[in-house]
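The values are calculated or read from the model by the stated rules, or taken from the named source; none is laboratory data. Nothing here was measured: the structure is a model prediction, and the numbers come from that model. We place every Cβ from the backbone using ideal geometry, glycine too, and count neighbours over all the protein chains shown.
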Amino acid sequence: MSEAKVALGRRLFHETRLSVSGRDSCASCHDPARAFTDGRRVAVGATGAATRHNSMALVNVAYNTSYGWTKPTVRSLEEQMLEPLFNEHPVELGLKGREAAVAAELALDPAYAPAFAAAFPGETPVRFDLVVKAIAAYERTLISGDSPFDAYVFRGDHDAMPAAAKRGMALFFSERVGCSSCHSGFNFAGSWRDAQGATGEPSFADNGASEGKMRVPTLRNVTLTAPYMHDGKLATLEAVLDHYVSAQLRPFTLSGEERSELLAFLESLTDPQFIAREE
């Protein structure tokens, strides 16, 4: 990690030459304004083909122990990035077989050549593996930890969360509702490291999906990442609550007041600074 490498990675994250269309980039499916999601039910590739899954939020991905909706064995950002870059069924960015040509094109760009040299001193000026490494370095800086929840829990600011959100937090962590049994740890997700640095096994929940077990996604900035679920089938957080109230995973009931309180807690996980950092 270095400032030069992260700056290069940020530029490449938005670089449309990294797609077969010349119009799309990583940011096309991971828009900073939407907590690095895209607002679509499922992601759409550079050729217009729909993928099978909703775009996951890139929130605190540096802490993940695995990546993607369905593959717990994908254990690094560099490895994960190869899928959208090179997938063919469906095409996402569509660069398979064009890696050397794209690297050569970037090497001829007077803005990129010195940036690669600064980010990777002593390396061949521009190679595609360095493109991947730079983007991964940038993604590791996408840290969100300045929500009202963080201010209340970690900084002791008791006025940061309204009373309704605090009651909703109690519901979230309660045995009766049980949200935290899947959405756990600092990132409210299914894959995390504990305070001692021990690696927990990635959590992939069987939520009735036709494809089997799916990754438990982060709930940080969840108010910005609609639609929800692996296939984007639920448009609102209210619909998500309805789904889990009626699901067979852990049946429970919520009063109208409890629903409002649980939603208030989920809203407290929104970090305005995380969105503003990319403006």
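The table that follows gives values for the structure above.
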| read-out | value |
| --- | --- |
| Boolean, Tyr138 is touching a residue at least 24 places away in the same chain (Cβ under 8 Å) and surrounded by fewer than 21 Cβ atoms within 10 Å (Cβ to Cβ) | no |
| Scan of region 57-85 for residues that are touching a strand residue (DSSP E or B) at 6+ places or on another chain (Cβ under 7 Å), part of a loop (DSSP other than H, G, I, E, B) and modelled with pLDDT under 95, ordered by number | Thr65, Gly68, Trp69, Thr70, Pro72 |
| Qualifying residue in region 173-181 (condition: surrounded by 19 or more Cβ atoms within 10 Å (Cβ to Cβ), at pLDDT 90 or above and not acidic (Asp, Glu)) | yes |
| Evaluation of Ser28 against (1) within 19 Å of the chain's Cα centre (by Cα); (2) in contact (Cβ under 8 Å) with a residue 40 or more places away in the chain; (3) in a helix (DSSP H, G or I); (4) surrounded by 19 or more Cβ atoms within 10 Å (Cβ to Cβ) (one fails), failing number | (2) |
| Qualifying residue in region 31-42 (condition: aliphatic (A, V, I, L, M), surrounded by fewer than 19 Cβ atoms within 10 Å (Cβ to Cβ) and within 24 Å of Ser184 (Cα to Cα)) | no |
| Any chance Gly156 is over 30 Å from Asp24 (Cα atoms), surrounded by fewer than 21 Cβ atoms within 10 Å (Cβ to Cβ) and modelled with pLDDT of 95 or more | yes |
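So that you can scan it fast, the table gives a plain yes or no per residue for (1) of a type in the set (S, T, N, Q); (2) touching a helix residue (DSSP H, G or I) at 6+ places or on another chain (Cβ under 7 Å):
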residue: Val44; (1), (2): no, no
residue: Thr47; (1), (2): yes, no
residue: Val61; (1), (2): no, yes
residue: Thr73; (1), (2): yes, no
residue: Gln80; (1), (2): yes, no
